[in-house]
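Here's the structure, in structure tokens; my notes come after.
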Amino acid sequence: MQDREIKFSHYSVLLNECIDALCIDPNGIYIDGTAGGGGHSYEIAKRLTGGRLIAIDQDEAAIHAAGQRLAEFGDRVTLVRNNFSNIADVCRELDITSINGILLDLGVSSYQLDTAERGFSHNNDAPLDMRMDRRCELDAYTVVNSYSEERIRSIIYDYGEDRFAPKIAAAIVRRREMKPIETTGELVDVIKSAIPASAKEGGHHPAKRTFQAIRIEVNGELNVIKPAIESAADLLVEGGRMAIITFHSLEDRIVKQSYNKLAEGCICPPRIPICTCNHKPKVKVISKKPILPSDAELEINPRSRSAKLRVAEKL
């Protein structure tokens, strides 16, 4: 990528809440696994003195923008283009054996949504892409034009939680039999044609759930959360924190269940009177209920409305 300034517009959701949750040690090692434009990373880095921040993102534009934002911190910050699910490998390559905290801000960034040519938004007409890491082969065009009707229906229903998934999948297949669906605008038209008029009135954009579902499929977003949490739990020092922001129920459910699994003590069957498994919990859940954006934040950034922050601490 050319050395030019990128206007990576991304509001740092739940910023103060995340910083408070991480309980930053000025000499600690921290990972921002979804660096984006560097907003959260900046606030972590400026609190470090002898510590170090590893800022990870799979999006080349995000790494470039974060590099510009974080340049003032010099070698206190290390930028890595990778998926946060590979944090164990990243740490191994950097000779890091333990960390004091990790932050993950899941979902799509404002920059990705607002950059039309990335193909994430149903509000702009652009080539069907939706790849967060543009080195990957699978894109939205491939999903829409080559997946079976049954598989498309399953993706839209499971990842988009859209009750009109069968109608939308059937409409996609009918349209692509005439010619490939090449742009986001064409896909929006197909979706609108498939659902009842009453479903288009008020509320969310009729294509929002389908676009979310296809994006999740393209980027394997749900598949990487649990492995990342397990890796983080292994890397964290005692008292270290992990803070994860989610933006829809599927992500939040995985984070909640993963935390609870790591917080389990004895896993012996109930019929056994004395524990023989010696299983010890790895973490304690700090936020029994998710931390939500304040009214003040919602007024500034309506996109944060669905954000939820969950925090766990290494035992």
Stick to the Cα atoms of the range 227-315, pair each with every other, and give me the Kirkwood hydrodynamic radius in Å at one decimal.
-> 14.6
Reachable lysines from Lys288, criterion Cα separation under 28 angstrom, eight or more residues apart if same chain | Lys226, Lys256, Lys261, Lys280, Lys308, Lys314
What are the radius of gyration and Dmax of the chain, computed over its Cα atoms and given in Å?
-> 20.9, 66
Cross-link reach from Lys192 to lysines, straight Cα distance under 21 Å and at least 8 residues apart if same chain, gives Lys167, Lys179, Lys200, Lys208
Protein accessible area in the range 268-315, 1.4 Å probe - carbon and sulfur % | 57
SASA check, Asp129, accessible area w/ 1.4 Å probe, all protein chains in place, rounded to nearest 10 Å², comes out at 10
Which shape class, rounded, prolate or oblate, goes with the range 33-72 when its Cα gyration tensor gives a ≥ b ≥ c as root eigenvalues, a/c under 1.5 marks rounded, and past that a/b bigger than b/c marks prolate?
-> prolate
For the range 170-253, the Cα convex hull volume per residue in Å³ comes to 129
List Asp234, Asp32, Asp295, ordered by accessible area with a 1.4 Å probe, largest first = Asp295, Asp234, Asp32
Counting Lys and Arg as +1 and Asp and Glu as -1, what is the net charge of the other residues whose Cβ lies under 13 Å from the Cβ of Ala233?
-> +2
Using a ≥ b ≥ c from the Cα gyration tensor of the range 69-162 (square roots of the eigenvalues), is it rounded, prolate or oblate, where a/c under 1.5 gives rounded and otherwise the larger of a/b and b/c decides, a/b for prolate?
-> prolate
Filtered hits (aspartates and glutamates, Cα-Cα < 15 Å from Lys282, offset >= 8 within chain) -> Glu230, Asp234, Glu238, Glu264, Glu313
Accessible area of Glu177, 1.4 Å probe, to the nearest 10 Å²?
-> 140
How long, wide and thick is the range 47-120, going by the Cα atoms along their three principal axes, in whole angstroms, largest first?
-> 40, 27, 18
Here the residues of the range 62-86 lying in the modelled label zone of Glu93, meaning backbone nitrogen under 14 Å from a point 7 Å along Cα-to-Cβ, are 78-86
What percent antiparallel are the DSSP beta bridges of the chain, to the nearest 5?
-> 40
So the carbon and sulfur contribution to the accessible area of the range 139-221, 1.4 Å probe, in percent, is 46
Ranked from the most accessible area to the least, with a 1.4 Å probe and all protein chains present, what is the order of Ile291, Ile300?
-> Ile300, Ile291
Net charge near Leu222 (other residues with Cβ under 12 Å of its Cβ; Lys, Arg +1; Asp, Glu -1) is -2
Per residue and in cubic angstrom, what volume does the convex hull of the Cα atoms of the range 208-251 have?
-> 68
Can you tell which of Glu72, Glu251, Glu137 shows the greatest fluctuation in a Gaussian network model of the chain with Cα springs below 10 Å?
-> Glu137
The range 103-232, Cα convex hull volume normalised per residue, Å³ | 117
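At 1.4 Å probe size, put Ile191, Ile254 in order of accessible surface, largest to smallest.
Ile254, Ile191
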Would you calculate a helix-derived [θ] at 222 nm for the chain, using -39,500 (n - 2.57) for each DSSP H run of n ≥ 4 and dividing by the full residue count, to the nearest 500?
-> -11500 deg cm²/dmol
Hey, any idea what the orientation-averaged projected area of the convex hull of the range 1-155's Cα atoms comes to, in nm²?
-> 10.7
On average, how much accessible surface per residue is there in the chain, in Å², for a 1.4 Å probe, leaving out ligands, DNA and RNA?
-> 49
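The values are calculated or read from the model by the stated rules, or taken from the named source; none is laboratory data. All values derive from a computational prediction rather than experimental measurement. Heads up, the Cβs are rebuilt from the backbone with ideal geometry, glycines too, and the neighbour counts pull from every protein chain shown. Only protein heavy atoms, including side chains, enter the accessible area calculation; ligands, DNA and RNA are left aside. Shrake-Rupley method; radii C 1.70, N 1.55, O 1.52, S 1.80 Å.
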